[in-house]
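The values are calculated or read from the model by the stated rules, or taken from the named source; none is laboratory data. Computed from a predicted structure; not experimentally measured. Neighbour counts are summed over all protein chains in view; Cβ atoms, including those assigned to glycine, are modelled from backbone coordinates with ideal geometry.
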Ligand code: NAD
Ligand code: UDP
Ligand code: UDP
């Protein structure tokens, strides 16, 4: 039987008609920009797993082929090495836009993906960030809060880039009728996370495995809320498939100081692990915790995996990669 055919218009959305996969759903062709990255590769696994066709656009700036190598050879998977700062022509139903160089080119990539969504009538999902709230004066943060961002600070390139990306997304929705979705993602961790991009969870876990002291910045009393990656992926898909634009906070409301996080890593990996204090970066948000009532009510979504259950799930992956690195160095 023919698995896939192009007709006129997809009854769900977009211009790409498909015959059904399973009951009540049609196979879709979905772009995931940044799909070779940490979050993107888990999202791709889920979409492929439920029977859709996935095109990953990635320039491997921070992502790795290893994250998607298990999908090579799958006829429903395609990997394009491409920088989203350059325009691209594709025919697709949905676009998950995760690619995000930590620089102003963020804005150009978002513009191109919105242009693509407009041309083909695809639904577009932006992965924004809790950083749009800056160093928040409201706690926990609700989606209605406009944030407290220093426009000229060290972190502002990322924060303001995402704020601009949200603005563009809403402008394409209002001006051009593009179907859009906005997720504000809070700190997320899990297997395949970049080993060396300096995030606190990856740093502490890698340090504990390497028997190095865990680097606590500042007094370690600042707070964050850590979400396991599968919870985030479920939230992203619920948002894309649902009827609400957002923005939606997607995060785990469990709140930890960095000292508490170090304790959990210690309990999970090595009871003899130690910490060392290092100077903190400028404008570091003092606290962060999502109010997720909106996502609970409208997306019927909430995270299921608390930190103490999620951390052990990334340890094997980290151990293996650290071991391979050491072998690579001839150690
Ligand atoms: P990641 O760095 O692992 O993934 C980003 C991917 O985008 C990488 O594979 C990278 O190679 C690719 N990329 C970067 N620039 C590109 C370009 N110009 N063209 C094509 N590909 C490009 O990061 P992640 O943690 O998976 O984050 C995914 C998205 O979620 C990002 O938009 C990020 O801002 C957002 N987010 C993540 C977190 C988190 O805690 N992980 C929190 C808030 C928001
Ligand atoms: N774009 C793209 N793929 C498409 C359609 C548009 O990459 O299939 C890019 C296009 O090159 C432009 C951006 O998206 O840089 C915005 O497109 P839009 O049509 O909204 O803007 P315009 O070209 O009218 O300025
Ligand atoms: N942090 C830390 N040690 C590290 C890396 C980060 O104590 O090795 C702190 C950092 O100062 C911040 C928090 O952990 O207060 C979260 O930092 P991360 O870069 O992971 O995420 P973000 O600042 O984007 O929330």
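Quick check on my filter: what residues within the range 207-227 are buried (at least 21 other Cβ atoms within 10 Å of the Cβ) and away from ligand 1 (no atom under 11 Å from the Cβ)? Hits for the range 207-227 are 207, 208, 214, 216. Evaluation of residue 219 against the conditions (1) modelled with pLDDT of 95 or more; (2) assigned to a loop (DSSP other than H, G, I, E, B); (3) touching a helix residue (DSSP H, G or I) at 6+ places or on another chain (Cβ under 7 Å) shows that the sole unmet condition is (3).
Evaluated against (1) surrounded by 15 or more Cβ atoms within 10 Å (Cβ to Cβ); (2) more than 16 Å from ligand 2 (Cβ to nearest atom); (3) farther than 17 Å from residue 98 by Cα, residue 198 falls short on exactly one condition, (1).
Hey, could you check the range 67-117 for residues that are part of a helix (DSSP H, G or I), at pLDDT below 95 and surrounded by fewer than 20 Cβ atoms within 10 Å (Cβ to Cβ) and say which is farthest from ligand 1 (Cβ to nearest atom)? Taking the candidates together, the pick is 107.
Tell me the residue from 112, 67, 106, 74 that is out of contact with any helix residue (DSSP H, G or I) (no Cβ under 7 Å at 6 or more places or on another chain) and either closer than 29 Å to residue 152 by Cα or more than 13 Å from ligand 2 (Cβ to nearest atom) (or both), please. Going through 112, 67, 106, 74 in turn, the sole match is 112.
Return yes or no: is residue 53 more than 11 Å from ligand 2 (Cβ to nearest atom) and under 30 Å from residue 324 (Cα atoms)? Lay out the reasoning, then the answer.
Details: more than 11 Å from ligand 2 (Cβ to nearest atom): yes; under 30 Å from residue 324 (Cα atoms): no.
So residue 53 does not fit the description; no.
Checked against (1) touching a strand residue (DSSP E or B) at 6+ places or on another chain (Cβ under 7 Å); (2) near ligand 1 (Cβ under 9 Å from one of its atoms); (3) modelled with pLDDT under 95, residue 128 meets all criteria but (3).
With respect to (1) in contact with a helix residue (DSSP H, G or I) (Cβ under 8 Å, 6 or more places away or on another chain); (2) within 14 Å of ligand 1 (Cβ to nearest atom), the lone exception for residue 133 is condition (1). Among the numbered conditions (1) within 25 Å of residue 268 (Cα to Cα); (2) touching a helix residue (DSSP H, G or I) at 6+ places or on another chain (Cβ under 7 Å); (3) crowded, with 16+ Cβ neighbours inside 10 Å, the only one that residue 321 does not meet is (2).
Quick check on residue 273: is it outside any helix (DSSP H, G or I), more than 15 Å from ligand 1 (Cβ to nearest atom) and modelled with pLDDT under 95? Criteria not met by residue 273. For the residues 285, 253, the requirement of being closer than 19 Å to residue 144 by Cα and either surrounded by 18 or more Cβ atoms within 10 Å (Cβ to Cβ) or at pLDDT below 95 (or both) singles out 285. Could you please let me know if residue 40 is within 26 Å of residue 318 (Cα to Cα), touching a residue at least 12 places away in the same chain (Cβ under 8 Å), under 15 Å from the mean Cα position of the chain (by Cα) and part of a loop (DSSP other than H, G, I, E, B)? Taking the combined requirement at face value, the residue does not satisfy it. Scanning the range 178-195 turns up no residue that is assigned to a strand (DSSP E or B), in contact (Cβ under 8 Å) with a residue 12 or more places away in the chain, near ligand 3 (Cβ under 10 Å from one of its atoms) and over 13 Å from the mean Cα position of the chain (by Cα).
Can you pull out the residues in the range 67-80 that are touching a residue at least 12 places away in the same chain (Cβ under 8 Å) and out of contact with any strand residue (DSSP E or B) (no Cβ under 7 Å at 6 or more places or on another chain)?
Filtering the range 67-80 down to residues touching a residue at least 12 places away in the same chain (Cβ under 8 Å) leaves 67-68, 71, 74, 76-80.
If the condition is that a residue be touching a residue at least 12 places away in the same chain (Cβ under 8 Å) and out of contact with any strand residue (DSSP E or B) (no Cβ under 7 Å at 6 or more places or on another chain), then 67, 74 are the ones that fit.
Any residue that is surrounded by 22 or more Cβ atoms within 10 Å (Cβ to Cβ) and part of a loop (DSSP other than H, G, I, E, B) - is there at least one of those in the range 160-177? So far as the range 160-177 goes, no, none of its residues is surrounded by 22 or more Cβ atoms within 10 Å (Cβ to Cβ) and part of a loop (DSSP other than H, G, I, E, B). Say whether the condition of being surrounded by fewer than 16 Cβ atoms within 10 Å (Cβ to Cβ), free of Cβ contacts under 8 Å to residues at least 12 places away in the same chain, more than 16 Å from ligand 3 (Cβ to nearest atom) and within 18 Å of residue 156 (Cα to Cα) is met by at least one residue in the range 130-137. Yes, the range 130-137 has at least one match.
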